[in-house]
Amino acid sequence: MNDVDWVQLTIVIAIFFGVTVMGFMAARWRRTGELDSLDEWGLGGRGFGTFITWFLLGGDLYTAYTFIAVPAAMYATGAISGFFAVPYTIIVYPIIFIFMSRLWSVSHRNGYVTPADFVGGRYGSRGLSLAVAVTGILATMPYIALQLVGMQAVFETMGLGGDNVLAKDLPLLIAFAVLAAYTYSSGLRAPAMIAFVKDGLIYLVIGAAILYLPGQLGGWESIFDAAKTKMETQNPTTGKPTGAFIPGESGYSAYWTLALGSALALFMYPHSVTAVLSTKNRNVVRRNAAILPAYSLLLGLLALLGFMAIKANVNVKGLDGLANPQLAIPRLFDQEFPAWFAGIAFAAIAVGALVPAAIMSIAAANLFTRNIYRDFLKKDATPAQEAKVSKLASLLVKFGALVFVLGMDKTVSLNLQLLGGIWILQTFPAIVVGLFTRWFHKWALLTGWAVAMIWGTITAYNVVNPATKKHFGGSLANIPFTDTMVYIGLTAFGINLIITIALTLLLRALRVADGKDTTHPSDYLADAGDPGVKDLPELLDEGGPSPAKA
Amino acid sequence: MSKLAAVRPAYWIAGILLVLSVIVPLLVSTYAKDEPRLWGFPFFYWYQLLWVLFSAITVSISYQLVMREERRRRAASGLDAGSSKKEGNR
């Protein structure tokens, strides 16, 4: 260990400790049933109203992605690779407004807990349900990995770690042990409760950063000018400008496809679906769509911290001696704020990475339990067995994320999320189109999914980072046979749709048998209190009624 | 079902508002420029941040329109409309 900042470290540990205690207390908060049922543990008993949902969604949508990855991308290469996150989070709400209520209704009437449940019921296809489940779990791992990278950056800035492997990873392992412990014992409620603390801390930090830092650094005008100068400077490795201060014409397609692809992908992630399904009735999510943009404003301002780091000339050299843009924001705080406040900011970032990591791993675990364990491995599992398997699976998902952290190029951590997006986006036709029409044939969907997954993965693998020479070095590639650079996920999505439509026409013409749809048109409009809208404990024949949804 | 399937003007307006809120922020060519600056922010940056506000407004209007329409439909089809009273407040 070298030069540990003890003030910062003490504050971070104190806040971490407080949060952990709250997590354990949350296990007893608003309990509507026993925690050993999957519904209780994984969906918080499904009783969240508008206000808590706002925090919960904010908690899992605005993460280390927001604090570390986006500003780091802004710092390193400017607008195209970073600021697209603003239009992304602007357009995501109108999009979910359109389809999420239908998913809520059909799920609550049929007792679906995961997107794969819905696909299985809608298309009568276990294979398709499995494909959706596997994709969800796989895509969540790099997203959790991104949270780990964020925490790593904070710990590294405080001086923890060193150049030997053990010292570098130790703080990370401790953080994950804490996360795993409270996730394991209290399920979704712990992150919901902690989301309040996290958001409070974050508002404080953002407020301070936005009001205080520009003055320190000579005003917004000069911050933007410093960024402009940096982006126009030639990068010695590639011979091209470092980045884009404002996208040029050739960058337009990259910018909007990244935004659209990310927005379509976001609510396919199992954790976003979990958050929506834990709401009290079908319109909570719509009302949230109107108030969540407050977070987008934060995201935009946070992104600009990347430019502040340019102006402030922060040193982004890691303890291993290599430049790491992920350090831009923690180092900026370290350099510009007094130690005690930097400590609070670091705690906010660390907790802000922990909460979503917990929610994501719980959601991925739910998917595993219901759609792989119960459907394929042990059909007669009891609710208690399911909850137990789910808890174990959530640990395994976290380890999977560790593999991504250790195995992938971390210089552009935003890329981890975009890689997950390439995969998860391929479940969109089955899930979202399936909410409106049953026209797609199950085999067509499965084929489209498989081709797009393979094509997307290979194409992403072939993007080599010019500086580090590592594969999976970016998420942009030309549309095949053109020079138009776009987000790979969206191209794969296009390929997926074309194949699905063409094959559906073919299979329908050949009258190939399709699966049986077990949902009813009225299911898609049902609301809480309607006949047939059940809470899951009833469906699982769980001990006792659970009327307490107040 | 036929009564439920009829699309009301309220749905059209809400739909158009939502679609506009998705498409307009993606028209990069309309805002990829530096001037005019506002408090030092290039147009590219402040315009997109302003869209956060626009989008909150269009989604809120759509919410009101859709909720009103949905309540009416549910009343018309004899379903319990009470759930809309139970919402929120948490």
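Every read-out reported here was derived from the displayed coordinates using simple, explicitly stated rules and does not represent laboratory data. What you see is a predicted model; the values in this text were computed from it and never measured. Using ideal geometry, Cβ is built from the backbone for each residue, glycine included, and neighbour counts are taken over all protein chains shown.
Observations on the model:
- Cut-off under 5 Å, modelled amide H: who pairs with residue A:478 long-range: A:486
- Average other protein chain Cβ within 10 Å of Cβ, residues B:28-34: 5
- As a proxy for reagent exposure, A:225, A:483, A:517, A:199 were ordered by neighbouring Cβ count within 10 angstrom, fewest first; the result is A:483, A:517, A:225, A:199.
- Two-decimal Rg to Rh for region B:2-77 - Kirkwood Rh, Cα set: 1.20
- Close amide H partners of residue A:323, meaning residues 5 or more places away or on another chain with modelled amide H under 5 Å apart, are A:318.
- Of the residues A:308, A:22, the one with the fewest other Cβ atoms within 10 Å heads the list, and the complete ranking is A:22, A:308.
- Sorted ascending by nearby beta carbons within 10 Å, beginning with the fewest, A:198, A:378, A:516 become A:516, A:378, A:198.
- Look at the stretch A:291-299: the mean tally of other chain Cβ atoms within 10 Å of its residues' Cβ atoms is 4.
- 3J(HN,Hα) from dihedral phi, region A:340-357, Karplus parametrisation 6.51/-1.76/1.60, rounded to Hz, x for glycine, proline: 5, 6, 4, x, 5, 4, 5, 4, 4, 5, 5, 5, x, 8, 5, 4, x, 4
- Each peptide in A:148-157, B:35-44 was scored by the mean count of other Cβ atoms within 10 Å over its residues; highest first, the order is A:148-157, B:35-44.
- Length gained when the stretch residue A:126-residue A:512 is fully extended (0.36 nm per residue, less Cα-Cα span): 137.3 nm
- Given their separation in residues at 0.36 nm each and the Cα-Cα distance between them, residue A:481 and residue A:181 gain 103.0 nm when the chain is fully extended.
- Highest average packing first - A:97-104, A:501-508, Cβ atoms within 10 Å: A:97-104, A:501-508
- Under 5 Å, built H, 5+ apart or other chain: amide partners of residue B:40: none
- Shape category assigned to region A:349-477 from the gyration tensor of Cα positions, a/c cut at 1.5: oblate
- Phi angles of region A:87-98 translate, via the Karplus equation with coefficients 6.51, -1.76, 1.60 and θ = phi - 60°, into HN-Hα couplings of x, 3, 7, 7, 7, 5, 6, x, 5, 6, 4, 5 Hz per residue; Gly and Pro are given as x.
- On the basis of the beta-carbon distance and an R0 of 41 Å, residue A:7 and residue A:378 show a calculated FRET efficiency of 0.20.
- Net charge in the neighbourhood of residue B:63 (other residues with Cβ under 10 Å of its Cβ; Lys, Arg +1, Asp, Glu -1) is +3.
- Counting, for every residue in B:36-44, the Cβ atoms of other protein chains within 10 Å of its Cβ and taking the mean gives 4.
- Pairwise label distance in nanometres, residue A:232 with residue A:436, each label 7 Å out on the Cα-Cβ vector: 4.4
- Estimated FRET transfer efficiency when R0 is 51 angstrom, pair residue B:54-residue A:173 (beta carbons, to 0.05): 0.70
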